[in-house]
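Heads up, the thing below is written out as structure tokens.
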Amino acid sequence: MILHIFECSKCQRQQKHVTSTPSPLGLSYMSECATCNKIQTFKFIREGNRKEDWYTNTLRQINKKKSENQSDKARRKNDDIDRVAI
């Protein structure tokens, strides 16, 4: 099985497809882009590398981005600390 990487022509979001056919050089297709939220053209950019592009590594990349985004956001203070005893 061969992993093919396609890229959205507008936002460069990547989609991955596993097929048994050779690399589809010059091939493009239309599909809904999750980032753009509408139908866009996806162009073939390269054949995937199992170590970099495979599913488990993709999950690691997503989790890493989530943890970086959470650490960048301001943390909300605990409401109990702000209460004054009467």
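The values are calculated or read from the model by the stated rules, or taken from the named source; none is laboratory data. If you're wondering where the values come from, they're calculated on a predicted model, not measured in any experiment. Positions of Cβ are generated from backbone atoms using ideal geometry, with glycine treated the same way; all protein chains shown enter the neighbour counts.
Checking residue 35 against (1) of a type in the set (Ser, Thr, Tyr); (2) touching a Ser or Thr at 6+ places or on another chain (Cβ under 8 Å); (3) closer than 21 Å to residue 62 by Cβ: exactly one of these is not met. Which one?
The failed condition is (2).
Residue 45 fails exactly one of the following numbered conditions: (1) at pLDDT below 80; (2) within 16 Å of the chain's Cα centre (by Cα); (3) of a type in the set (Val, Ile, Thr). What is the number of that condition?
Condition (1) is where residue 45 drops out.
Considering only region 12-27, how many residues are at pLDDT 85 or above and surrounded by fewer than 13 Cβ atoms within 10 Å (Cβ to Cβ)?
Of the residues in region 12-27, 1 are at pLDDT 85 or above and surrounded by fewer than 13 Cβ atoms within 10 Å (Cβ to Cβ).
Starting from region 46-69, keep only residues that are under 28 Å from residue 28 (Cα atoms) and of a type outside the set (A, V, I, L, M, F, W, C), then list their pairs with residues that are surrounded by 10 or more Cβ atoms within 10 Å (Cβ to Cβ) and at pLDDT 75 or above whose Cβ atoms are within a distance under 6 Å, requiring at least 6 positions of separation or different chains.
Sorted first by the residue in region 46-69, then by its partner, the pairs are 46/5; 48/3; 48/5; 53/3.
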